[in-house]
């Protein structure tokens with residue numbers, strides 16, 4: 001199984017960005033551990049601060065399932081929402097923080113309607129939970 005993880009804007013700063021909210025572990029070390037734990041699954045990763053690059057990467061359609069953390073695009077990117085709506089692969093949306101405990105504008109996701117489900121508030125472990133879920137349905 002090939003799983004693509006896509007992270008949106010500012011998530012390249014994981015490990016240093018607001019560690020009280022996002023934790024102190026960088027994404028690359030987390031991915032290394034995840035790949036070791038699930039060696040029978042190909043885990044690809046893409047991060048961009050640019051909306052169009054995220055859409056272009058998803059539209060390559062070279063994966064079996066998608067885990068996406070759209071970052072701030074969660075709340076207003078109808079372009080990414082339309083992209084997710086038009087792919088035929090299972091999608092799980094992940095948020096490191098609990099978006100429902102944060103500012104009001106962060107509590108709305110325009111992309112979630114095009115996902116099987118949303119995992120929010122479990123830190124980086126949300127990616128593992130999404131991976132486990134996708135493996136169970138595949």
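The values are calculated or read from the model by the stated rules, or taken from the named source; none is laboratory data. Being a predicted model, the structure only gives us computed values, none of them experimental. Virtual Cβ from ideal backbone geometry, glycine too; neighbours counted across all protein chains shown.
For the stretch 13-23, which positions are modelled with pLDDT of 85 or more and either surrounded by 17 or more Cβ atoms within 10 Å (Cβ to Cβ) or within 20 Å of residue 65 (Cα to Cα) (or both)? Within the stretch 13-23, just 14 meets the criteria. Within the stretch 106-138, the residues that satisfy the criterion of being in contact (Cβ under 8 Å) with a residue 60 or more places away in the chain, farther than 27 Å from residue 78 by Cβ and out of contact with any helix residue (DSSP H, G or I) (no Cβ under 9 Å at 6 or more places or on another chain) are 135, 138.
Scanning the stretch 1-28 for residues that are more than 13 Å from the chain's Cα centre (by Cα), under 23 Å from residue 98 (Cβ atoms) and not in a loop (DSSP other than H, G, I, E, B) turns up 13, 19, 20, 21, 22. For the stretch 17-33, the criterion of a residue being touching a helix residue (DSSP H, G or I) at 6+ places or on another chain (Cβ under 6 Å) and closer than 19 Å to residue 126 by Cβ is satisfied by no position. Could you list all residues from the stretch 92-123 that are surrounded by fewer than 20 Cβ atoms within 10 Å (Cβ to Cβ) and within 20 Å of residue 35 (Cα to Cα)? Listed by number, the residues that qualify are 122, 123. With respect to the stated conditions, residue 31 is outside any strand (DSSP E or B) and touching a residue at least 24 places away in the same chain (Cβ under 8 Å). Residues of the stretch 124-138 that are surrounded by fewer than 18 Cβ atoms within 10 Å (Cβ to Cβ) and part of a helix (DSSP H, G or I): 125, 129, 132, 133, 135, 136, 137.
When the stretch 47-63 is filtered for residues that are surrounded by 14 or more Cβ atoms within 10 Å (Cβ to Cβ) and in contact with a helix residue (DSSP H, G or I) (Cβ under 8 Å, 6 or more places away or on another chain), the ones remaining, listed by number, are 47, 48, 49, 51, 54, 55, 58.
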